[in-house]
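Visitor: Pasting in a structure now, in structure tokens, and then I'll have a few things to ask.
The values are calculated or read from the model by the stated rules, or taken from the named source; none is laboratory data. Note that the structure is predicted; figures quoted are calculated from it, not measured. Cβ sites come from the backbone with ideal geometry, for glycine too, and all protein chains shown count toward neighbours. Heads up: the accessible areas ignore ligands, DNA and RNA and are worked out on the full protein's heavy atoms, side chains in. Shrake-Rupley method; radii C 1.70, N 1.55, O 1.52, S 1.80 Å.
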Amino acid sequence: MSVRVYESIRSVPAVWDEAVRASGASVFYERAYLEAYEDAPLAPVERCAYLVATGDGAAAVLPVFLVAALDPLGALAAAFRDAPSGRGLVTPGWHCYDGRILATRPDPAPDLVAGLVAALGDLAREAGVEWGALVNFTDGVAPGGTKAAIDERFLLDLGRFESAEAYVASLAPKVRQNVRRWRRRAEEAGAAVTVGRAADADLDGIVELARATATKYGAGDFYRPGPFQRFVRALGDSAVAIEVRLGDRLLSGGVCLVDAERFHTWTCGVDYDVDPPFSTYTLMFVESVRAAFERGLPVLEGGRRNAEYKLRYGLRRQPLDGYLLRFG
């Protein structure tokens, strides 16, 4: 068994793509996403590293980032006693809610996982950091360290419905009535809902709304103006924007990510300074369901947080685990 460390995803051999395909991994592990993250990191990143462990005809891979703030959302502090918050190693990164170790075979062999963890330790010592965090994991692989539930994500199985309208029809009566009433009120008010390439959207306006919305949860700097726009534009066709406008005013906007099986409602924001007679957030969410159907995608990823709303709209919750590894 051997482990190689690459400084750029552009230099990683094709075994990375084999592991992504074999694992059914999401957009967060595709080259387009990782290249965009390298060129315009969403969080302050000191170093990128891509670990590839190989042995016995199999391989396991892991993206790792040396970051200035290991716990920007406070998720580790809420789950672990005396959790670190300064410099450290993180995988796959906090803007991804689908943490896993990818492998070319089901259930990566323990020696490959151990090799990746050992390489993490080497990277930590090189960087002079004491801690590493594997965040938002769901795959059941046990990399060691201390484990705790740190968050949850929400998913909607679209395969149960024939269309977006069938999905709306399946909602509880009051929820369904609200969707239809708000749609009618939006039409009467002259609001416009558009879906298109995120690179062509009002990304300046979207990041401003996303920051304002994140500020309500104490995480306004999670979306940095400048890097956010450059990152999204670099994603090309993997990023879709949904915008709700009333005249020239952007009432709500979001960036969604697309892969072979999932439509990700990745980030969004709402203008809380206006009070239209309809829910701009719900208009945007239902439009994301419609966009997923138009692309023939069987799963809508609803992201994290806002559990009450997402459960009301039929999404199911999936716990996310974190692992803290101390290398000092």
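Visitor: Which percent of the accessible heavy-atom area of the chain goes to carbon and sulfur, probe 1.4 angstrom? Could you put the intermediate results ahead of the total?
Guide: Numbers: 6720 of 13980 Å².
Here carbon and sulfur together make up 48 percent of the probe-accessible area.
Visitor: Per residue, how large is the accessible surface of the chain? Use a 1.4 angstrom probe and give square angstrom. Before the final figure, lay out the partial values.
Guide: Details: 13980 Å² over 328 residues.
Dividing the accessible area of the chain by its residue count gives 43 Å².
Visitor: Something else now. Rounded to a whole number, what is D in µm²/s for region 32-133 from Stokes-Einstein with the Kirkwood radius over alpha-carbon pairs (4 °C, 1.567 mPa s)? Before the final figure, lay out each step's value.
Guide: On the way: Rh = 14.4 Å.
The diffusion coefficient I find is 90 µm²/s.
Visitor: Now, a different point. Report the local net charge at ASP151: Lys and Arg +1, Asp and Glu -1, summed over other residues whose C-beta lies under 11 Å from its C-beta. Walk me through the numbers on the way to the answer.
Guide: Details: positive: ARG153, ARG304, ARG305, ARG317; negative: GLU152, ASP321.
After counting each charged neighbour, the total is +2.
Visitor: Using the Karplus curve 6.51 cos²θ - 1.76 cosθ + 1.60 with θ = phi - 60°, what ³J(HN,Hα) values do you get for each residue of region 48-53, in whole Hz, with x for Gly and Pro?
Guide: Once θ is set to phi - 60°, the couplings for region 48-53 become 9, 9, 10, 9, 10, 9 Hz.
Visitor: If you don't mind, there's one more thing I want to ask. Just from its helices, what would the mean residue ellipticity at 222 nm be for the chain, if runs of 4 or more DSSP H residues each count -39500 (n - 2.57) and the sum is divided by every residue, rounded to the nearest 500 deg cm²/dmol? Intermediate values should be presented prior to the final figure.
Guide: Values: 10 runs with 107 residues, N = 328.
Mean residue ellipticity at 222 nm (helix-derived): -10000 deg cm²/dmol.
Visitor: Now for a different question. Taking θ = phi - 60°, what integer Hz values does the Karplus form 6.51 cos²θ - 1.76 cosθ + 1.60 yield along region 312-328, in sequence order, with x for Gly and Pro?
Guide: Here the 3J(HN,Hα) series is 4, 9, x, 7, 9, 9, 9, x, 10, 9, x, 10, 9, 10, 9, 9, x Hz.
Visitor: Give the lysines whose C-alpha is closer than 24 Å to that of LYS216, dropping any in the same chain fewer than 8 places away, or say none.
Guide: Filter leaves LYS310.
Visitor: Still on this structure: What list of ³J(HN,Hα) couplings, whole Hz, do you get for region 236-249 from phi and the Karplus terms 6.51, -1.76, 1.60, once you set θ to phi - 60° and write x for glycine and proline?
Guide: So the Karplus estimates, Gly and Pro as x, are x, 6, 7, 10, 10, 10, 10, 10, 10, 10, 10, x, 8, 8 Hz.
Visitor: Pull out the extension gain between ASP111 and TYR217, defined as 0.36 nm times the separation in residues minus the alpha carbon to alpha carbon distance; nm, one decimal. The partial results should precede the final answer.
Guide: Numbers: separation 106, 0.36 × 106 = 38.16 nm, distance 3.99 nm.
Gain in length upon complete extension: 34.2 nm.
Visitor: If I build a Gaussian network model for the chain, linking alpha-carbon pairs within less than 10 angstrom, which residue out of ASP259, ASP248, ASP17 has the largest mean-square fluctuation?
Guide: Looking only at ASP259, ASP248, ASP17, the largest GNM fluctuation is found for ASP248.
Visitor: By the scheme Lys and Arg +1, Asp and Glu -1, what is the net charge of all other residues having a beta-carbon under 12 Å from that of ARG87?
Guide: On the way: positive: ARG47; negative: GLU46, ASP71, GLU130.
Combined, the nearby Lys, Arg, Asp and Glu give -2.
Visitor: In the Gaussian network model of the chain, springs joining C-alpha atoms below 10 Å, which of ARG304, ARG181, ARG230 carries the largest mean-square fluctuation?
Guide: The residue with the greatest mean-square fluctuation here is ARG181.
Visitor: Which semi-axis lengths, in whole Å and largest first, follow from the square roots of five times the eigenvalues of the Cα gyration tensor of the chain?
Guide: Numbers: eigenvalues 256, 85, 68 Å².
Listed largest to smallest, the semi-axes of the chain are 36, 21, 18 Å.
Visitor: Can you give the translational diffusion coefficient of region 154-290 in µm²/s, computed by Stokes-Einstein from the Kirkwood radius over Cα pairs at 20 °C and 1.002 mPa s?
Guide: Numbers: Rh = 15.6 Å.
Approximately 137 µm²/s, per Stokes-Einstein.
Visitor: Give me the net charge of GLN318's neighbourhood, meaning all other residues with Cβ under 14 Å from the Cβ of GLN318; Lys, Arg count +1, Asp, Glu -1. The partial results should precede the final answer.
Guide: Working: positive: ARG100, ARG153, ARG262, ARG304, ARG305, LYS310, ARG316, ARG317; negative: ASP98, ASP139, ASP151, GLU152, ASP157, GLU301, ASP321.
Counting the neighbours of GLN318, the net charge comes to +1.
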